[in-house]
Amino acid sequence: MKITDILTADSVVAALHGRSKGDVIEELAGVVTAGHPEIDRARLVQALEDRERLNSTALGEGIAIPHGKLPGLKRVVAAFGRSPAGIDFSSLDGKPTHLFFLLVAPEDSAGAHLKALARISRLLKDETFRRRLMGAADGGELFRTMREEDDKY
């Protein structure tokens, strides 16, 4: 699975407006539902918040991968957001989170969901790649940077 199989340029936000965990979840859920009107925004937000209550999806190193599953969804979809200032997302290392990769998967798709999580985690572990994402000028450059990195694997 490639990142570009689940993420489009229209689903990339170069500068998130949200200043809290809830704000970011709401904002990225809105990005997902704008591109996928079949997804109910309120149900998506609820699924993401339910997952966050289990454990924060902020992994440290400025990264969070909020994710959830919804019934009736046909495939995994994603949105990406960047917060230059950083947001308290209850990260494992206690530091602000800057890079958010939101994933939504069909309720019955454990395999695809896990493959997407693994792919994103592998890419975001690379410090140079994270720096390139933070330095990108706009959403188009962010998407191109992700596509270039994704094509290496």
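Among the criteria (1) closer than 25 Å to Pro37 by Cα; (2) open to solvent by 50 Å² or more (accessible area, probe 1.4 Å); (3) not aliphatic (A, V, I, L, M), the one Gly111 does not fulfil is (2). Name the one entry in Val45, Val24 that is open to solvent by less than 50 Å² (accessible area, probe 1.4 Å) and either touching a Pro at 6+ places or on another chain (Cβ under 7 Å) or within 26 Å of Glu141 (Cα to Cα) (or both). Going through Val45, Val24 in turn, the sole match is Val24. Looking only at residues of the range 53-105 that are hydroxyl-bearing (Ser, Thr, Tyr) and in contact with an Asp or Glu (Cβ under 9 Å, 6 or more places away or on another chain), we find that the one that is surrounded by the most Cβ atoms within 10 Å (Cβ to Cβ) is Thr97.
Of all residues in the range 121-140, which are under 13 Å from Val13 (Cβ atoms) and either surrounded by fewer than 16 Cβ atoms within 10 Å (Cβ to Cβ) or over 15 Å from the mean Cα position of the chain (by Cα) (or both)? Correct list: Ala136, Asp138, Gly140.
Yes or no: Asp150 open to solvent by 20 Å² or more (accessible area, probe 1.4 Å) and out of contact with any His (no Cβ under 7 Å at 6 or more places or on another chain)? Spelling it out, it is not the case that Asp150 is open to solvent by 20 Å² or more (accessible area, probe 1.4 Å) and out of contact with any His (no Cβ under 7 Å at 6 or more places or on another chain). What do you reckon, is Ala29 buried (at least 18 other Cβ atoms within 10 Å of the Cβ) and touching a residue at least 60 places away in the same chain (Cβ under 8 Å)? Answer is yes for this residue.
Of all the criteria given as (1) touching a Gly at 6+ places or on another chain (Cβ under 6 Å); (2) of a type in the set (A, V, I, L, M, F, W, C); (3) farther than 13 Å from Leu102 by Cα, the one not satisfied by Leu28 is (3). Screening Ser20, Ser91, Ser83, Ser56 for residues that are of a type in the set (Gly, Ala, Ser) and touching a Gly at 6+ places or on another chain (Cβ under 6 Å) leaves exactly one candidate, Ser91.
The values are calculated or read from the model by the stated rules, or taken from the named source; none is laboratory data. These figures come from a predicted structure and were not determined experimentally. Glycine gets a Cβ as well: all are built from the backbone with ideal geometry, and neighbour counts include every protein chain shown. Please note that ligands, DNA and RNA were not included when accessible areas were found on the heavy atoms of the full protein model with its side chains. Shrake-Rupley method; radii C 1.70, N 1.55, O 1.52, S 1.80 Å.
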